[in-house]
1. Could you tell me whether residue 476 is assigned to a helix (DSSP H, G or I) and within 12 Å of the chain's Cα centre (by Cα)?
2. When residues of region 118-134 are filtered for being out of contact with any strand residue (DSSP E or B) (no Cβ under 6 Å at 6 or more places or on another chain), surrounded by 18 or more Cβ atoms within 10 Å (Cβ to Cβ) and either of a type in the set (A, V, I, L, M) or in a helix (DSSP H, G or I) (or both), how many remain?
3. Among the numbered conditions (1) buried (at least 20 other Cβ atoms within 10 Å of the Cβ); (2) out of contact with any Pro (no Cβ under 6 Å at 6 or more places or on another chain); (3) of a type in the set (Val, Ile, Thr); (4) not in a loop (DSSP other than H, G, I, E, B), tell me where residue 481 comes up short.
4. All but one of (1) under 30 Å from residue 268 (Cα atoms); (2) surrounded by 13 or more Cβ atoms within 10 Å (Cβ to Cβ) hold for residue 318; state the number of the condition that does not hold.
5. Would you kindly identify the helices (runs of 4 or more DSSP H) lying entirely within region 1-109 that contain at least 3 residues that are at pLDDT 75 or above?
6. Taking residue 274 as the residue in question, decide whether it is open to solvent by less than 70 Å² (accessible area, probe 1.4 Å) and either modelled with pLDDT under 90 or hydrophobic (A, V, I, L, M, F, W, C) (or both).
7. In this structure, does residue 245 turn out to be surrounded by 10 or more Cβ atoms within 10 Å (Cβ to Cβ) and either within 43 Å of the chain's Cα centre (by Cα) or modelled with pLDDT under 80 (or both)?
8. Restricting attention to region 407-438, report how many residues are under 27 Å from residue 260 (Cα atoms) and either surrounded by 14 or more Cβ atoms within 10 Å (Cβ to Cβ) or in contact with a Pro (Cβ under 8 Å, 6 or more places away or on another chain) (or both).
Amino acid sequence: MTQLNLHKIEKKILLSLVNDDKIDIEKLATLTNLSLDNVRRGIEWLKYKGMVSISIQKESILELISESQNNNPNEKIQRADFMTLPERRIITEIQKTGQKSIKIGEFANQCHMSNSEFGVGIKNAIRNGWLTKVSDSLKITKNSDSLSFEEILLQQLSKLKRIKLAELSEAELNGFALLKNRPGYVKENVEKSFLVSLTKEGKTLVPEIKLDEDNEIGILTSEILNSGKWKNEKFTQIDVTSPVRTFLIGRTHPLTDIIAEIREIFVSMGFSEIEGPTIQSCFWNFDVLFTPQDHPARDMQDTFYMSNLIDEDIDSVISNKVSDFHKNEWNYDWNFEKSKKTVLRTHTTPVTIKYLSENKPTYGRIFSIGRVFRNEKMSYKHLMEFHQIEGIVIGESISLRDLMGLQKQFYSKLGLEKVKFWPTYFPYTEPSLQSMVYIDKLGKWIELFGMGMFRPEVTQSIGMVNNVLAWGGGLERIAMIRYGLDDVRELYENKLSWLRTQSICPL
C-alpha cells in the first residue's frame with residue numbers, strides 16, 4: 001500500500017491519528033475539518049485496507065432529571081425547588097423558627113410536606129449528622145450547614161449539566177450511590193463512542209503521506225477548460241460513492257402523466273378527442289342511453305342532482321323517439337319532466353352520445369377523458385369524483401371482434417399483454433363484454449373496462465345509421481396498477497414524500 005492509493009479523505013484521517021492513539025469519530029471530524037459522513041466513509045475505506053482499527057468504548061454519563069422528566073406528580077409539588085432535598089428543607093424550616101430544638105409533631109404540621117417525604121427527610125438529616133433525636137424532639141447540630149454527599153453531586157451537575165461517572169470524586173461517587181436509590185434526581189445513561197486508532201500497517205505508511213491538496217484542482221470550471229490549464233494540473237480524486245445532492249424540482253402529478261400517456265395512445269390509434277360539460281340533463285345522462293327512469297342508478301343515493309336547475313333545451317324529435325322506446329321496451333310511461341333534471345355526469349357517455357346526435361358521423365374514432373361523479377361512500381377502492389376513459393368507433397360493418405382487437409391493442413400500449421373477456425350486461429350496449437388484464441407483479445387478474453355495441457334503441461333515437469362500438473372505465477384503477485397502490489385515495493392525498501419518489505417514466 002502506498003500513499004498513491006489513498007484518497008484525500010483517507011490521508012487527512014491518517015495524519016490526524018499520528019498524535020493520538022485513539023480518537024472518537026466526532027473529534028476526528030473536528031481535527032480533519034471533514035463532515036461526519038466523510039469521516040465515517042474514510043474510516044470504512046481505511047479499515048478495509050487494514051490501516052485503522054475500531055474499538056467501542058462505553059461510558060456512564062450522569063445528568064439531572066428535569067421537572068418535565070419527573071413522572072411522579074407528587075414530587076413536582078413537593079419540590080418547588082428541585083435542587084433542594086427534603087432533609088435540607090427540614091433544616092431550613094427549623095432554622096427559620098430560631099429554635100435549637102422543636103417537637104416532631106408540632107414541626108410536621110408546619111412543614112407542608114407529605115408524610116413519606118417528611119419521614120425520609122428526618123432520616124437523612126439524622127444520617128448526615130444535621131439533627132439528633134431526643135425523645136419526641138429534634139435538635140439541630142453544628143454540622144447542619146455542611147453539604148451532604150448528595151448535595152455535592154447535585155451542585156456539580158447543576159453547573160456542568162452532565163458528568164462522566166469515571167470522573168467523579170470520592171464524595172461525588174458516594175452521593176451517586178445514595179441518589180441512584182432516590183428517584184427523581186439523577187439519571188445514568190450509557191453512551192457508546194467509537195475510537196479509531198492506527199494499525200501497525202497504518203503507522204508504517206503515515207511517514208510517507210503528504211497532503212498536496214493545495215496543488216490539486218477539486219472543481220472543474222469553464223475558465224480551467226478554456227484556458228487549457230487543465231492539461232498541466234493535477235485533479236483531486238472523485239468519490240463516486242458520495243451521495244448526490246437532491247434537487248426538488250417541480251413536476252406534473254403522476255395522474256396527469258397517465259392522462260397524457262393515454263391521450264397519446266388514443267391519438268396514435270387514430271382517435272380524435274371530444275369534450276363536454278360536467279353538468280348534464282337526465283335526458284342525455286340516462287334516458288337517451290336507454291336507462292329506465294326507475295333504475296337504481298338514478299336514485300339520489302347514487303347520483304348527484306343539481307337543485308333548481310333544469311334543462312329546457314331538449315330536442316323534441318329525439319325525445320319522442322326515446323319516449324316510444326322506453327314505453328315499448330320497458331313497458332312504462334316515460335316522464336318528459338324528469339328528463340329535464342340536471343346531474344353531475346355519472347359517466348362521459350352523455351358527451352359522446354350528444355356529439356353523435358349533433359354530427360351523425362358515418363365513420364370515425366373518437367375518445368374522451370373527463371371527470372365523472374358518483375354519490376358513493378369513500379373507501380380504498382371508491383371515490384366520489386374520478387376520471388373516466390371512453391373510446392367510440394363508428395362503422396358500417398364493424399363487429400364485437402373489432403372491439404376486442406382494439407381493446408387488446410390499447411392495453412398492449414399500456415404494457416398489459418394478457419387480456420380476456422366475458423359476457424356481461426349494460427343498459428345501453430348489446431352485446432356487452434367485461435375485460436380483465438393479468439398483472440404479473442400482483443399475480444392475479446384485475447377487472448378494468450366495460451364495452452359493447454350501442455343498442456338500436458340508442459343509435460336510432462339520435463339518428464345514427466351505422467354500428468357504434470364503445471368501451472370505457474376508470475382511469476384511477478390503471479394508475480393504481482402503474483404505481484403499485486392499494487388505496488385509490490393515495491392519488492389525491494398530495495403527499496410530497498410519495499410524489500417526489502415517483503419516477504417520471506415508470507416501467
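The values are calculated or read from the model by the stated rules, or taken from the named source; none is laboratory data. The structure displayed is predicted, hence computed values, not measured ones. Glycine gets a Cβ as well: all are built from the backbone with ideal geometry, and neighbour counts include every protein chain shown. Ligands, DNA and RNA are excluded from the accessible area calculation, which covers all protein heavy atoms including side chains. Shrake-Rupley method; radii C 1.70, N 1.55, O 1.52, S 1.80 Å.
1. Considered against the rule, which asks whether it is assigned to a helix (DSSP H, G or I) and within 12 Å of the chain's Cα centre (by Cα), residue 476 comes out as no.
2. 4
3. (1)
4. With (1) under 30 Å from residue 268 (Cα atoms); (2) surrounded by 13 or more Cβ atoms within 10 Å (Cβ to Cβ) applied to residue 318, the lone miss is (1).
5. 8-16, 25-32, 36-48, 86-97
6. yes
7. no
8. Here the count works out to 15.
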